[in-house]
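All of the numbers you see were taken from the coordinates with simple rules; none came from a lab. Everything quoted here is computed from the prediction, not taken from an experiment. Counting neighbours? That spans all protein chains shown, and the Cβs are built from the backbone with ideal geometry, glycine included.
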Amino acid sequence: MSNTKNLLGIRDIVSMNVIAILSLRQIPNVAPYGASSILLWLIAACCLFLPLAMVCGELSTGWPKNGGIFVWVQEAFGQRVGWIVVVSYLFSCVLFFPLMLQFAFTALGYVLGDGLASNKVFIGVGSSALFWLLTWMNIRGMQWTKVINSVGAWLGVFVPSAILILLAFVWLASGRPMQTDYVTASKWIPDLTRWNSIVFLSSMMFAFAGLEVAPMIAGRTRNPQRDFPRAMLVSAIVIVCIYMVGTWALNVMFPADKVNIVSGIMQAIGAAAKTLGMPWLLPVAGICMAVGALGQINSWLVGPIYMLQEASREGNLLGARISRLHPKYDTPVFALVVQAILVTIFCFSTFISPSVEAAYWMLTALTTLCYFLPYLVMFVAYGQLRRTQPDVPRSFRVPGKMLPMFAAGLGFVSIAFAVVLCFVPPAGIDMGGYAAYAGKLVAGVALAVGAAEWTYWRARNRRASAQLSESTK
């Protein structure tokens, strides 16, 4: 009986998904679509959220080992492909950190004033300095950093969401008109004829990043075959509804065609707070969102490093130096410092980009690419494991004969479409020319795959030399 009580129910899984996935940073990316964003959110949920949930759920209960996606891909295609997937995933996290830091410092810039929200030096240098501080804290293994994560989750999501939505209702209740047209029926139909106008769809799909967390514990639900699909459906409804209401609230107070993808929420709150005679709300929202971004960064800072070390343990892929732990704090100090150096380089991307907005979108596109490439491989691996290892016990299986392959195929096509969209420069943002834009994306992906290949073959040669030395003794 006690074991049953410790198992997760539908409400537990829904809560885990909402905390892991929901991010206000995604709303300004979608708000420029206006009323059509409602339909686009629904399309993104049906085409990606549910297929990804079903596939991850079955794989995590069939191969419930540490390493997640690395284990699944390795089972299907071997260690080399699995290792490339892990490095790409880690690289997306390294890109995600400066992305969130820029978001945080833009929010702070609105609080501090004097044009700091668009100041490249303030955002680039400030982001780098803050990340080194977080790295130092995590090297020391300070337990109180958990407080940052907890406070960040509340201040960064729930409080700003409440402020944004309540302001929208107050705005309408006071008789003020909506700043974006939600009345005309044609405005609800997305304009899919121009590629550069639908490019933000890729970031909409990335808004569901983190979905792989809950499926890894699908086997610990009370009734996986019944409860897990229901929980994921409820999660999709809750998360998409919050995204849609948040997007609508922003559009109520700020025109869709003037929304900045970095500071859109602060734009809307600032305009409404000033008009409604509540200017004190702007600094409150800015500080909350900055602290929230800080907590989200801190919660991911060490996790990917440990995942990398877990994946490299078999075959000693990283070597002893990068896997070295701090003698006093028992933390991966060398790997954390290397990660901080890489993040600093990307934080300084603001200096070489035409604008803060351009740097932010470049990091968004690169993060999306490196995050989604492993999932393209994962969907193929799912089909491979269904064929080659059908008898492996799974406490959850995607039901039916056609649904498993349909779900995997739909997920693959959706993510492939999002990957293609990343190579289309968004309308309204100067990216410095298409050749430079596409070149940076290709170079970023090539760097991730090249690093994975180099470390893999280096480890292979190291093992071969060790075996040769042993045989000549």
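With a threshold of 29 Å on the Cα-Cα distance, the over-threshold entries among Lys258/Lys440; Lys120/Lys328; Lys120/Lys258; Lys120/Lys274 are Lys120/Lys328.
Spatially, region 229-298 and region 118-141 are offset by 24 Å when compared through their Cα centroids. Scoring 182-191, 45-54 by mean Cβ neighbours within 10 Å over their residues and listing the highest first yields 45-54, 182-191. Each of the peptides 390-402, 258-270 was scored by the mean count of other Cβ atoms within 10 Å over its residues; in descending order, highest first, they stand as 258-270, 390-402.
Couplings for region 97-108, taken from phi via the Karplus curve 6.51 cos²θ - 1.76 cosθ + 1.60 with θ = phi - 60°, read 4, x, 4, 5, 5, 5, 4, 5, 6, 5, 4, 5 Hz in order; Gly and Pro are left as x.
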